[in-house]
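A short write-up of the structure that comes next.
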Amino acid sequence: MKPIGKVLCATAFVIGFLAVFWKDSFKPETLSGARVLLTGASAGIGEQMAYHYARFGAEIVLTARREAVLQKVMEKCLALGAKKIFYIPADMSNPLEPEKVVHFALQKLGGLDYLVLNHIGTTRFQMWDGDVEYTRWLMQVNFFSYVSLATAALPTLEKNQGSLVVVSSLTGKIPTPFTTSYSATKFALDGFFSSLRHELSMQKKNISVTLCILGLIDTKSALESTRGKVYLPASPAADAALAIIRGGALRMREVFYPGWLHLVCCLGVLFPCDPALQSFYSPQGGPGSSPIPCNPTPAPAVAKYH
């Protein structure tokens, strides 16, 4: 067998072993009473995370742009068992909003145990068209606001030995077609928060930083933007949300969802093959080429620990 074949077989064996023998130590009851600030909470993965946290009995502050939708999510969270829940509308393209949101959460909850950064700006899934202003705007929403929120929350997270959970993407590990601006924001998140993790450790500050690497998820916005351009299955948002929450609670270093993304990232670094990657994307699209929603049996997310 050629060396590359041996590497592939060995990697596949390790991933398979982890999938079979992984013991999930996540205990939902540990989140009862936990104080959570969750961004991007009005739809998609963020909405599903809100419902999971509510079922686990957390105290939650939700934020997103649309107040009417936040109100509906809050009402459902109360019905599901949230101990406390508040919301604050905010537009993360405004540099003044992140600090205001954190101060609101501290006022309502008295502190934070989890800061879950999940919001994103409208993503153009298309060839680069030279729109630099859009890229600047997206960097503010997808990156700089994350930095501002984390900076404002670090003192309370340090006091409570809390967790910082950052939702990112496969495109922040491996560049893909049609994601120039979006990929730039996700690579920035990986660089900043991975570096911050080192610095917190060196300062003996007990704050975990969990970076969540997600593939294509079956949210309405993701399916609409990628329709006819991506030949990949879309994974369930509710399962992705639970994997993120689990990773934060277990203070994981990285969470990959679906779990096979970990193998993809490893192979992409060791054996980059642009034609193979590009074969999953089409600039034109066509009938029957939409992402395929799937509902696989939930499997433990592959993760790296502190």
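Most tightly packed first, judged by the mean number of other beta-carbon atoms within 10 Å of their residues, the peptides 212-218, 271-277, 89-95 read 212-218, 89-95, 271-277.
Under 20 °C and 1.002 mPa s, how fast does region 102-198 diffuse according to Stokes-Einstein, given a Kirkwood radius computed over C-alpha pairs? Answer in µm²/s, whole number.
Details: Rh = 14.4 Å.
Calculated translational D: 149 µm²/s.
If you stretched the chain out fully between residue 280 and residue 206, how much longer would it get, using 0.36 nm times the residue separation minus the C-alpha to C-alpha distance?
Working: separation 74, 0.36 × 74 = 26.64 nm, distance 4.11 nm.
Stretched fully, the residue 280-residue 206 segment lengthens by 22.5 nm.
For region 94-233, lysine pairs with C-alpha atoms less than 18 angstrom apart, excluding pairs fewer than eight positions apart on the same chain, total 6.
Distance from the alpha carbon centroid of region 130-191 to that of region 214-234 works out to 20 angstrom. Across all directions, the average flat footprint of the convex hull enclosing the Cα atoms of region 28-278 is 13.1 nm².
How long is the gain from residue 271 to residue 84 if the chain were fully straight, where each residue apart is worth 0.36 nm and the alpha carbon distance is subtracted? Don't skip to the end; give the middle numbers.
On the way: separation 187, 0.36 × 187 = 67.32 nm, distance 4.86 nm.
Extra length from residue 271 to residue 84 when fully extended: 62.5 nm.
Estimated translational diffusion coefficient (Stokes-Einstein, Kirkwood radius over Cα pairs, 37 °C, 0.692 mPa s) of region 102-145: 254 µm² per second.
Among the trypsin sites (Lys or Arg not before Pro) found in region 187-242, those both in a DSSP coil and sparsely packed, with 15 or fewer other Cβ atoms within 10 Å of their Cβ, are 204, 205, 227. Each of residue 151 and residue 75 was given a label point 7 Å from its Cα along the Cα-to-Cβ line. The distance between the two points is 3.8 nm. A simple spin-label model places pseudo-atoms 7 Å from Cα toward Cβ; at residue 65 and residue 232 they are separated by 2.4 nm. Taking region 107-125 and a reference point 7 angstrom along Cα→Cβ of residue 134, the backbone N atoms nearer than 17 Å belong to 120-125.
Read the figures in this text as sums done on the coordinates, not as results from a lab. Every value quoted in this text rests on a predicted model; they were computed, and no experiment measured them. All Cβ positions, glycine included, derive from the backbone under ideal geometry; neighbour counts span all protein chains shown.
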